Amino acid sequence: MTLLMFSGEYDKALAGLILANSGREMGMDVTMFFAFWGLCLVRDPEKMTLEDKSLYEQMFGMVTPKGIEDLPLSRMNMAGLGKAMLKEMMEDEDTPPLTAFLNGARKKGVQFYGCKLSVDIMGFKKEELLPEVQIITAADFLQEAMESQIQLFI
Amino acid sequence: MTLLMFSGEYDKALAGLILANSGREMGMDVTMFFAFWGLCLVRDPEKMTLEDKSLYEQMFGMVTPKGIEDLPLSRMNMAGLGKAMLKEMMEDEDTPPLTAFLNGARKKGVQFYGCKLSVDIMGFKKEELLPEVQIITAADFLQEAMESQIQLFI
Amino acid sequence: MTLLMFSGEYDKALAGLILANSGREMGMDVTMFFAFWGLCLVRDPEKMTLEDKSLYEQMFGMVTPKGIEDLPLSRMNMAGLGKAMLKEMMEDEDTPPLTAFLNGARKKGVQFYGCKLSVDIMGFKKEELLPEVQIITAADFLQEAMESQIQLFI
């Protein structure tokens, strides 16, 4: 399964990571390709830098979510209220929060790729991302996607 | 064909249901897996309940769309004006409204699944959904998806 | 590869067109099926008309983006500021703007289809779209999708 993670949104990240974790538990090979806003899912909140960046890249780095728990909802965000409700409901159901799903995917051996062009445009540096993330091109991604049985754009 | 219906939006619901109806008319097996906001497409507007729900689940049930005609547009909603325009234009073209597409999919034998985790988190009860909806896990869905030729995340 | 271009958003259009261009460079057959808001990607900005349209269709034609550079971002649009920043950053990296990717896809022989039902509902006329765009039904699209190895809903 290859998942193209385009949207930097809490609920879509949750959907993608649940599929990735489930897939690995079933023994599938799972690849996640983070592009555009999706890169915000694999930023390391401890490792932001402003060095060697243009003014636009610095501004962009500051206004985008710093890490996975910082992502907004795709709908009903309502100034964060919707997300607070969702997180509260997830705890009631003993569902692990998003970070736990992300770490689960890392431990279970989901392959993490970052889109080269997106990294370049957005001015993110490799050191700012989780160490597992390898940077590849769209063509490399398509090669993997062609060999997989399930492809989803999330 | 397996469609993962994630977004609870009028226009995306329309796109998914048109594909599902067309697929059945062509003789395909079609599966729709409703997760997160997508569950709002298969809520039965007549069967809402507040019983046995936490306060958050009650609030959530009240602020989310009650049924398929109640969904917002993904864009240009403009306080409902965009949707009114779209519906008006659909009537001009004799296109059946969204409920007709939903009922068409039910009659034509599209398989409806609800995501177990989403139902649990959002606090929806099985009785609040259309009777055709069977509750399955993400792993069950992936099993079906692997055997299908077309998979889309909508 | 078949791409169902549903969203009329600058960043998703960019993602879809980068995949389409990369796919063609790798020798893949690539089909883009423009439906709903996605039709705004293939409107010819020089060829708008108000003739033979209902009042709703006229209004709709005027409030929707006139061409590909006119699309909003899916997130962080911030009254156009986010898009201005993104375009500026793309220029810093010598990435061609969206129009260049669109023209690249046209020159490289990506197959462009418009969704018949969407064209009818939205009141767009064939002459208002780029000349390459052929109008087909959802069933025709599904036929192509079934024969392709990668399908994405963007």
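The values are calculated or read from the model by the stated rules, or taken from the named source; none is laboratory data. Everything quoted here is computed from the prediction, not taken from an experiment. Note: ideal-geometry Cβ built from the backbone for every residue, glycine included; neighbour counts use all protein chains shown. Accessible surface areas use protein heavy atoms only, side chains included; no ligands, DNA or RNA. Shrake-Rupley method; radii C 1.70, N 1.55, O 1.52, S 1.80 Å.
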Those residues of segment B:55-64 which are open to solvent by less than 60 Å² (accessible area, probe 1.4 Å) and touching a helix residue (DSSP H, G or I) at 6+ places or on another chain (Cβ under 9 Å) amount to B:57, B:60, B:61, B:64
Could you check how many residues of segment A:131-154 are open to solvent by less than 10 Å² (accessible area, probe 1.4 Å) and away from every other protein chain (no Cβ under 14 Å)? 1
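Table: residues versus (1) open to solvent by less than 40 Å² (accessible area, probe 1.4 Å); (2) charged (D, E, K, R); (3) not in a helix (DSSP H, G or I).
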{"site": "C:33", "(1), (2), (3)": "yes, no, yes"}
{"site": "C:37", "(1), (2), (3)": "yes, no, no"}
{"site": "C:40", "(1), (2), (3)": "yes, no, no"}
{"site": "C:45", "(1), (2), (3)": "no, no, yes"}
{"site": "C:50", "(1), (2), (3)": "no, no, yes"}
{"site": "C:66", "(1), (2), (3)": "no, yes, yes"}
{"site": "C:69", "(1), (2), (3)": "no, yes, no"}
Quick check on my filter: what residues within segment A:85-108 are modelled with pLDDT of 90 or more and either out of contact with any Asp or Glu (no Cβ under 9 Å at 6 or more places or on another chain) or charged (D, E, K, R) (or both)? A:100, A:101, A:102, A:103, A:104, A:105, A:106, A:107, A:108
Would you say residue A:83 is surrounded by fewer than 23 Cβ atoms within 10 Å (Cβ to Cβ), in contact with a Leu (Cβ under 8 Å, 6 or more places away or on another chain) and more than 21 Å from residue C:15 (Cα to Cα)? yes
Answer yes or no as to whether residue C:127 is of a type outside the set (A, V, I, L, M), surrounded by fewer than 14 Cβ atoms within 10 Å (Cβ to Cβ) and closer than 30 Å to residue C:143 by Cβ. yes
Quick one: is residue A:29 in a loop (DSSP other than H, G, I, E, B), under 30 Å from residue B:139 (Cα atoms), open to solvent by 10 Å² or more (accessible area, probe 1.4 Å) and more than 8 Å from every other protein chain (Cβ to nearest Cβ)? yes
Could you please give the count of residues in segment B:27-40 that are over 15 Å from residue B:133 (Cβ atoms) and either small (Gly, Ala, Ser) or touching a helix residue (DSSP H, G or I) at 6+ places or on another chain (Cβ under 6 Å) (or both)? 1
With the condition kept exactly as written, say whether any residue in segment A:90-97 is without any contact (Cβ under 8 Å) to a residue 60 or more places away in the chain, in a helix (DSSP H, G or I) and in contact with a Ser or Thr (Cβ under 7 Å, 6 or more places away or on another chain). yes
In segment B:67-82, residues that are at pLDDT below 80 and more than 9 Å from every other protein chain (Cβ to nearest Cβ) total 5
Among the residues of segment A:75-93, is there at least one that is over 22 Å from residue C:19 (Cα atoms) and touching a strand residue (DSSP E or B) at 6+ places or on another chain (Cβ under 6 Å)? no
